[in-house]
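As structure tokens, the structure follows; a few thoughts come after it.
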Amino acid sequence: MTATVRALHDSKRPMPRRMDFVFDDSIPMDWFGGDPFKSMVLTALSGTFPEGERFFVDSVRHYQQRLGPALASQVSGFIGQEAHHGREHNAFNDFMATKGLPMGKIDRFVGDGMQFLRKRLSPERQLAMTCALEHFTAILAEMALENPDFFAPMDERVKALWYWHAIEESEHKAVAFDVFQDQVGSYWIRSSQMAINSMEFAFFTGLHTYQLLKARGIQRDWRMLRRGFREFLVEPGWLRKMGKAYLSYYKPSFHPWQRDTTAAMTHWKAVYGIT
Ligand SMILES: [Fe+2]
Ligand SMILES: [Fe+2]
């Protein structure tokens, strides 16, 4: 079954699409259903995307010349998609900065962090880090695509950005992984890097969310924080629901297409007219 799904997606090069989203002043600061906590968590994530995805691209590009033609073509599609994500999230981040949020500070912080890791980590570790974080984006995308209630409260104009990104993250979710298996193949490097990046991802997403809430003077709104944590961790528990998908990465036989998101991707492409 997985082999068939995998072969289907291996035969399709991820297609970069230029979107040119427009974010106008009528979009509220709390674009995620009027909820400051969820809006700032996802704005914090968006703040990390341009520099983070540039790192992903560089780590995969390092190996591009050594790949066979089919995988090299997949990598070209991956690079094109991530470049467009960076561009659109930059536009969104600039828009959120006009509301007084310190998006530039987050972008510079992530950029400096990525430069540090480029110097300190081996190419194998950099690629394993990309695979780990691509697994995070893949399972977040899977959650969004398969649970319409998750994104339902969003402002429609911002929702389109997140669905487009979720669709493309699903389309290319196996590319960095396949390059890693082809060129490195070490289970120890892949799994240990995931453990490290899981802690970093949780810490820095929390830190950047805190910075955004603090800039608004609402970092100690305990009722908002309790409601937000409850929604993510308990009921409906969006993060908790991702636990099994997250852990699957640690199986030695793991491959991203063991989680078949084809039907949900097809549905949301039709909704947004994405071909
Ligand atoms: Fe992306
Ligand atoms: Fe990606």
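So the values come out like this:
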item: Euclidean distance between Cα centres, the range 108-176 to the range 193-219, Å; result: 15 Å
item: Carbon + sulfur, % of accessible area of the range 152-245 - ligands and nucleic acids excluded, 1.4 Å; result: 60 percent
item: Summed residue charge, Cβ within 14 Å of Phe37's Cβ, Lys/Arg positive, Asp/Glu negative; result: +4
item: Net +/- balance of residues flanking Phe151 in space, Cβ distance below 12 Å, scoring K and R +1, D and E -1; result: -2
item: Pairwise Cα inverse-distance average, inverted: Kirkwood Rh of the range 152-275 (Å); result: 17.4 Å
item: Rounded percent of accessible protein surface that carbon and sulfur make up, the range 1-74, 1.4 Å probe; result: 55 percent
item: Dimensionless Rg over Rh [the range 179-244; C-alpha; Kirkwood]; result: 1.16
item: Cross-link partners of Lys105 among lysines (Cα-Cα below 25 Å; sequence separation of 8 or more within a chain); result: Lys38, Lys119, Lys159, Lys214
item: Alpha-carbon spread of the range 1-65, three principal axes, descending order, Å; result: 43, 31, 24
item: Trypsin sites (Lys or Arg not before Pro) within the range 40-106, DSSP loop, no more than 16 other Cβ atoms inside 10 Å; result: Lys99
item: The range 36-153 - Rg over Rh from alpha carbon coordinates, Kirkwood radius; result: 1.00
item: Convex hull volume per residue for the range 144-193, taking Cα atoms only, in Å³; result: 98 Å³
item: Near-label residues of the range 120-139 by backbone N, under 11 Å of a point 7 Å along Cα→Cβ of Ser253; result: none
item: Leading residue at positive end of dipole, the range 171-275 (Cβ point charges), from Val184, Phe201, Ile218; result: Ile218
item: Net charge over other residues, Cβ less than 14 angstrom from the Cβ of Arg66 (K, R count +1; D, E count -1); result: -2
item: DSSP-assigned coil residues among trypsin sites (Lys or Arg not before Pro) in the range 8-39, each with at most 11 further Cβ atoms within 10 Å; result: Lys12, Arg18
item: Counting all C-alpha pairs of the chain, share separated by more than 33 Å (%); result: 17 percent
item: Computed lengthening from Ile218 to Gln65, 0.36 nm per intervening residue step minus Cα-Cα distance; result: 50.2 nm
item: Average accessible area per residue (Å²) across the chain - probe 1.4 Å, nucleic acids and ligands excluded; result: 46 Å²
item: The range 87-217: mean projected area of Cα convex hull, nm²; result: 9.0 nm²
item: Mean Cα-pair separation over length for the range 1-76, i.e. relative contact order, pairs under 8 Å, 6 or more apart, %; result: 29 percent
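The values are calculated or read from the model by the stated rules, or taken from the named source; none is laboratory data. Keep in mind the model is a prediction, meaning the values are calculated, not measured. Note: ideal-geometry Cβ built from the backbone for every residue, glycine included; neighbour counts use all protein chains shown. Calculation scope for accessible area: heavy atoms of the full protein, side chains included, ligands and nucleic acids excluded. Shrake-Rupley method; radii C 1.70, N 1.55, O 1.52, S 1.80 Å.
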